[in-house]
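The values are calculated or read from the model by the stated rules, or taken from the named source; none is laboratory data. Note that the structure is a prediction, hence the values are computed from the model and not measured. A quick note on method: Cβ atoms are made from the backbone with ideal geometry, for glycine too, and the neighbour counts reach across all protein chains shown.
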Amino acid sequence: MKTTFGRNFVTHAVILLSALLLVGVSFQLLVKEYLSGRMVEELKNDSATVAQVAAAYYTDAGLTGRDFLINLSVAARVSQADAVICDARGRLVLCSDSPLGCEHQGLTITNSGYLQRVHTQDFVVTTGIVEGLYAEQRYVVSAPIKDTNGTVLGFVMVSTPTSGTLSVLEKLSDTYILVSVLVVLAAVVIMTVYARKTSIPLRDMAKTANAFGHGDLKARASVSEDSPEEIRELALAFNNMAASLEKSEYQRKEFVANVSHELKTPMTTISGYVDGILDGTIAPGQQERFLRIVSDETKRLSRLVRSMLDISRLQENQQIPEEKKLRFDVCETVGRVLITFEKQITDKNLEVEVDMPSFPVHTFADPDAITQVVYNLTDNGVKFCPEGGLFGVSVRIGTDKIYVSVSNTGPTIPPEELPLVFDRFHKLDKSRTQNRDGWGLGLYIVKTLVCGHGENISVASRDGKTEFTFTLPIVN
């Protein structure tokens, strides 16, 4: 019973059978109590009536009148109960089934406790076997016969077999068992149909998960609209997970391919030039020039390794620790970064447009991280801004945020490329022949640092202008 169907079936079967058993036992007890109570009440009425009639016909000679004997016989037949009359000492004198004389006459009830109760109580109710009279279990009610002075002349014992009540209970039990069996069969059919219907999408998802685990990253779970809400939520969660893993696998493969590509080119260059110097292919007069190229390529590799280490560190600490955050002026930080790019801006004859408040704009963040963000964005903007183009930096104050923007003129980024500009190693130039100083890691680091502060960054590119904007918390 390891399947969902088996476990559900066993659980529901146990609950259903327990409920039916509890209801059946409770119903039996209630019906038995009701029937027994009703039977005792009828016997009480019969015994009281017979006692009153007997008291009216009682004489010094006892109960010998013909009219009384007839009335006793008729009353017993009408009530379908047996009645016997005993004198005050417990000796049986009359029997309803043979009022003119029966084999039981002269039988004496010797239970003194019982006789004491009959003399002192209106009714004595017992259940059991009346020894000497009846061999089967009976409901027995005894009522005293009293004269007008309250003297006990004898008592009436009215009884009826308990088998009548038990027969009714047996019929009810048979009916209840039959109905219960039908209910159980119907429940089994319904549960089987429902459980199998429920298990079908689960089995389909298991097959999909198995296919996904064997490398089919396109595998997705599909469920119908009439499936239970939990099943549909499970399928949606599985598909989201599958899509995330597929994207991660794609990024992993792309990462490995990009790193391999970026490492292969400078290492091939370094190896070729060094081998050329060692084997004499490169003339001594040209060796210095090629050694400078080797040095530049080595520095580029060093920058790549540092960037990858920075990414690894940022991924381990996705949130900037609070102890690293300080209160500082954003405008001052942006100004210092611009000064470091003065030479590059002058060399490309760029027109610079700065829009910042004349007063300090304070924020609470990691100064080094924000400096790196502004530096990477500025480096990216200056790099892609054409000769004589327009480069802009602005700091705007919102309601509860500071908006820092870095823009440049130049080629418009295609709309399909915009969601990818913050990915690792993503470059618009797929051939990698241009922008040899870039690795496609700067913007990824920028987004990681900004998100580590719990802030947002966006990019817009249209009509020959590209603008990056990120937010910071404002501090009064």
**OP:** Pull up the range 131-176, narrow it to residues that are within 30 Å of Val10 (Cα to Cα) and touching a residue at least 40 places away in the same chain (Cβ under 8 Å), then point me to the one that is farthest from the chain's Cα centre (by Cα).
**Re:** Leu172
Subject >> Considering residues of the range 208-232 that are surrounded by 12 or more Cβ atoms within 10 Å (Cβ to Cβ) and of a type in the set (D, E, K, R) only, the residue nearest to the chain's Cα centre (by Cα) >> reply: Arg232
Subject >> Members of the range 119-128 found to be closer than 16 Å to Ser36 by Cα and surrounded by fewer than 19 Cβ atoms within 10 Å (Cβ to Cβ), listed by number >> reply: Phe123, Val125, Thr126, Thr127, Gly128
Original post:
Looking at (1) at pLDDT below 80; (2) closer than 30 Å to Leu16 by Cβ; (3) loosely packed, with under 11 Cβ neighbours inside 10 Å, which is the one condition that is false for Val189?
Top reply: (1)
Original post:
What is the number of the single condition among (1) within 30 Å of Ser271 (Cβ to Cβ); (2) at pLDDT 95 or above that Leu304 does not meet?
Top reply: (2)
**OP:** May I ask you to verify whether Leu43 is in a helix (DSSP H, G or I), at pLDDT 80 or above, crowded, with 17+ Cβ neighbours inside 10 Å and under 36 Å from the mean Cα position of the chain (by Cα)?
**Re:** no
**OP:** Kindly indicate whether any position in the range 212-222 is assigned to a helix (DSSP H, G or I) and charged (D, E, K, R).
**Re:** no
**OP:** Output the strands (runs of 3 or more DSSP E) that fall wholly within the range 343-417 and possess 3 or more residues being among the hydrophobic types (A, V, I, L, M, F, W, C) and within 53 Å of the chain's Cα centre (by Cα), or say none.
**Re:** 390-397, 401-409
Original post:
Can you name the strands (runs of 3 or more DSSP E) wholly within the range 109-181 that have at least 2 residues being within 14 Å of Cys86 (Cα to Cα)?
Top reply: 138-146, 152-161
Original post:
Within the bounds of the range 323-334, is there any residue that is assigned to a strand (DSSP E or B) and over 54 Å from the mean Cα position of the chain (by Cα)?
Top reply: no
Subject >> Tabulated pairs, the range 372-400, first assigned by TED's automatic domain parsing to the domain that holds Arg336 and free of Cβ contacts under 8 Å to residues at least 40 places away in the same chain, second among the aliphatic types (A, V, I, L, M) and not in a helix (DSSP H, G or I), C-beta under 7 angstrom, 6+ apart or interchain >> reply: Cys385/Leu350
Original post:
Is it true that some residue in the range 179-192 is closer than 30 Å to Val31 by Cβ, free of Cβ contacts under 8 Å to residues at least 24 places away in the same chain and touching a strand residue (DSSP E or B) at 6+ places or on another chain (Cβ under 6 Å)?
Top reply: no
Subject >> Test result for Ser173, farther than 30 Å from Val223 by Cβ, surrounded by 11 or more Cβ atoms within 10 Å (Cβ to Cβ) and among the polar types (S, T, N, Q) >> reply: yes
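Residue-wise test of (1) closer than 30 Å to Leu115 by Cα; (2) modelled with pLDDT of 70 or more; (3) assigned by TED's automatic domain parsing to the domain that holds Thr127.
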site	(1), (2), (3)
Leu22	no, yes, yes
Phe27	no, yes, yes
Tyr58	yes, yes, yes
Ser79	yes, no, yes
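Looking only at residues in the range 383-421 that are of a type in the set (D, E, K, R) and either more than 18 Å from Asn349 (Cα to Cα) or modelled with pLDDT of 95 or more (or both), which one is surrounded by the most Cβ atoms within 10 Å (Cβ to Cβ)?
Narrowing the range 383-421 to residues of a type in the set (D, E, K, R): 383, 387, 396, 400-401, 416-417.
Cutting the leftovers down to either more than 18 Å from Asn349 (Cα to Cα) or modelled with pLDDT of 95 or more (or both) gives us 396, 400-401, 416-417.
Working: Arg396: 14, Asp400: 8, Lys401: 16, Glu416: 7, Glu417: 14.
Taking the candidates together, the pick is Lys401.
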